[in-house]
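The values are calculated or read from the model by the stated rules, or taken from the named source; none is laboratory data. As the structure is a prediction and not an experimental result, all values here were calculated from the model. Backbone-built Cβ (ideal geometry, glycine too); neighbour counts: all protein chains shown. SASA here: full protein model, heavy atoms, side chains in, ligands and nucleic acids out. Shrake-Rupley method; radii C 1.70, N 1.55, O 1.52, S 1.80 Å.
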Amino acid sequence: MPEATPLANWIGFHLFILALLCVELIIARRRGSAHITSTAIFTAVLWITAAFAFAAFIYRELGGPYAIQYISGYAIEQALSVDNLFVFLLLFRLFRIDRTTQPRVLFWGVAGAIVMRGLFIAGGLGLLSRFDWITYFFAAILLVAAIRLLLPRQPEDETHYPSWLRWLTKLQPVSPRLDRFFVQENGRRMVTVLFVALIAIEVTDVVFALDSIPAVLSITRHPFLAYTSNIMAVMGLRSLYFLLVAALARLRWVHYGIAALLAFAALKMLLARVVDVTPLESLTVIATLLAITIAASLLAPSPPATALR
């Protein structure tokens, strides 16, 4: 078991996140909603720089091997987040959330994700420390996720509301407004479509966490490294959404790389007793798989027009 992380480090990390959020808010306020793409560039650079600055802190506090574990966990979570972007795009189209309102939904969605990811990681580490066989269960989840990514995707119907949403609207009337989460209408407090979109984002993150948390735990069992690498990747996801959404159609081979990453993480868990894969070797595999699939996507001829337009 890794040594317990000082409480000061946990507090310091969350103060670091809070300070970055304040900087991001100032940037967004000054640039306004008319410059979403340029604001996303500024904030993406901010979060990526912060992620590697935190890696330098871990290197100083814990040493090189732990810093590599953190970077590996961060890289694999960022790679798995690409699939989230497709779902976010479809959800925003489904609920007809415009670009100026999307940052607000993503902000609160990520805030909820921080809490859920922390609980998932704590629960996963607790199970792994008590029951060795859980390792094989997590590995099976990763293998299933890898196979699922390799299967042909059915085209999404952006006009068809999911069954859970139809059930919710029958149970609780929903206001069609898209400017706030709750409103007062006809003398009663109601949730809005914007709030339902937020719930959909949160549910999506829970589903993706079932893949990403075991993947990160295949890289490191250190609670502080697993949590901080995951959270830093999730925090930068909002900015990356606005930067990558236009490029998603071109990155059509990346899901093969993500599938290979999940399979690698699963095999690493399954063979941990007989094969010792160092953090540096893990990072090399992650970087190589992503580089190959991104290069293949960018160098291949452009695909025909897709629904992402």
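Can you name the residue in segment 232-267 that is surrounded by fewer than 21 Cβ atoms within 10 Å (Cβ to Cβ) and not hydrophobic (A, V, I, L, M, F, W, C) and is also modelled with the highest pLDDT among such residues? In this case the residue turns out to be Tyr256. Among the residues making up segment 3-44, a single one is at pLDDT below 80 and of a type in the set (Asp, Glu): Glu3.
Taking Ser229, is it within 16 Å of the chain's Cα centre (by Cα) and either modelled with pLDDT of 80 or more or open to solvent by 10 Å² or more (accessible area, probe 1.4 Å) (or both)?
Values: within 16 Å of the chain's Cα centre (by Cα): yes; either modelled with pLDDT of 80 or more or open to solvent by 10 Å² or more (accessible area, probe 1.4 Å) (or both): yes.
So Ser229 passes the test.
Just for segment 63-81: of the residues that are at pLDDT 90 or above and among the aliphatic types (A, V, I, L, M), which one is least open to solvent (accessible area, probe 1.4 Å)? The selected residue is Ala67. Selection of helices (runs of 4 or more DSSP H) fully inside segment 126-221 by the criterion of at least 2 residues being at pLDDT 70 or above returns 134-150, 193-219.
Yes or no, residue by residue, for (1) among the polar types (S, T, N, Q); (2) modelled with pLDDT under 80:
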position	(1), (2)
Ser282	yes, yes
Ala291	no, no
Ala296	no, no
Pro301	no, yes
Ala307	no, yes
